[in-house]
Amino acid sequence: VQLQAFGGGLVQPGGSLRLSCLASGRTSSMRAVGWFRQAPGKEREFVAGIGRSGVTTLYADSVKGRFTASRDNAKNMVYLQMNSLKTEDTAVYYCAAARSNTVVSGSLSYEYWGQGTQVTVSS
């Protein structure tokens, strides 16, 4: 499975962005998908996850109520809608996929990773 994240950019605090993750290859092996981020000088952290059906989701406390994960399996796309962005949301965002359908926050549970997309929240 190959993953490609895109949609990042520069946005002012309070603004919104929607990240997309396009999957290709053996997408039948892709079940749970997670979004992670890494800010300069910090460790990579879990942001959100979504199960294959889209019903099960999991969010980090720091983004709960502001970010929403969704997916369109017919298009092999996974999305992360980010609203009310804060400067502390600035990071490189990655999408990752797991063969398991259990949505977890641990990065080791995700076997497939895409390249990141930069999100910068600044006035």
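The values are calculated or read from the model by the stated rules, or taken from the named source; none is laboratory data. Owing to the predicted nature of the structure, the values given are computational and were not obtained by experimental measurement. When we count neighbours, we look across all protein chains shown, and the Cβ atoms used for this are built from the backbone with ideal geometry, even at glycine. The area values use the complete protein model at the heavy-atom level, side chains included, leaving out ligands, DNA and RNA. Shrake-Rupley method; radii C 1.70, N 1.55, O 1.52, S 1.80 Å.
The table for this structure:
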| item | result |
| --- | --- |
| Residues Arg26 and Thr56, FRET efficiency given R0 of 25 Å [Cβ-Cβ distance, rounded to 0.05] | 0.70 |
| Ranked packing of 76-83, 114-121, 93-100, most packed first, by mean Cβ within 10 Å | 93-100, 76-83, 114-121 |
| Within the accessible area of segment 40-123 (1.4 Å probe), percent carbon and sulfur | 46 percent |
| Given charges at beta-carbon only (K, R positive; D, E negative), |dipole| of segment 35-94 in Debye | 160 debye |
| Mean Cβ count within 10 Å, highest first, over the residues of peptides 43-56, 6-19 | 43-56, 6-19 |
| Computed lengthening from Ser122 to Glu88, 0.36 nm per intervening residue step minus Cα-Cα distance | 11.3 nm |
| Electrostatic dipole magnitude of the chain [Cβ: Lys, Arg +1; Asp, Glu -1; Cα centre; debye, to 20] | 280 debye |
| Sequence ranges 30-41, 61-72, ranked by mean other-Cβ count within 10 angstrom, highest first | 30-41, 61-72 |
